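Trainee: Questions regarding the structure given below will be posed in turn.
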Amino acid sequence: SITCQEKANIDDGNEHEKDNGWIMIPAENLISQCQNTGTKIAAYVNRVGDVGGLARALELGVDALCIDGTASINDQELWDALIEAQSERRLAAATNVGDSPDNGTVPNKSPVIVTGTCKRITSSVGKSTVLADRVCIDLVQSLKCTEGCWVGSSAKITALVLSEAAQSSFVPSRPFRVNAGPVHTYVVMGDGLSTKYLSELQA
């Protein structure tokens, strides 16, 4: 999957450093959280000064740099920065071939340059919203923090949803409960093989 980071265009020079910080902090957080998960991160850039930081964030960098397909056509300086970032990452990756750094920070070969338009998708004003039913499974015995139910949108691909045994400052602990998901979700039964829809479960 690809996460596209959207940022505001701020022309005021005094706001540039603030905006740059807002770009880098989320990018670093995403890169840190997405390591070894298969998730690909794309960041939108329209300023030369943002390219190097995003390409080298946490010594790993984002997987793709997105630029506006029309506005950037004549922005040679931006293109030069993108090509330079690609070359630096490709060189860094080649240097690290065969190495296994303790911190695991081996950069990708190079960030992909993507031209197009990044848009934020929001619900239209006045558009109706559908409310869905959700199933919580309450058991007759308490579960550990590492225990729960295997559920998923496909009977062949499921994920372990943990119980509510973990302590939280927002809600009380409920170690007997698994907040499993919407009614159409599959749940693996006690035999470890068969599945049912959550809506089919009965006491």
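The values are calculated or read from the model by the stated rules, or taken from the named source; none is laboratory data. Since we're looking at a predicted model, the values are computed, not measured. Just so you know, the surface numbers come from the protein's heavy atoms only, side chains and all, with ligands and any DNA or RNA stripped out. Shrake-Rupley method; radii C 1.70, N 1.55, O 1.52, S 1.80 Å.
Trainee: Once Rh for the range 139-203 is found with the Kirkwood sum over Cα pairs, what is the Stokes-Einstein diffusion coefficient at 20 °C and 1.002 mPa s, in µm²/s?
Mentor: Details: Rh = 12.4 Å.
Here the translational diffusion coefficient equals 173 µm²/s.
Trainee: Going from most exposed to least, what order do 25, 137 have by accessible area with a 1.4 Å probe?
Mentor: 25, 137
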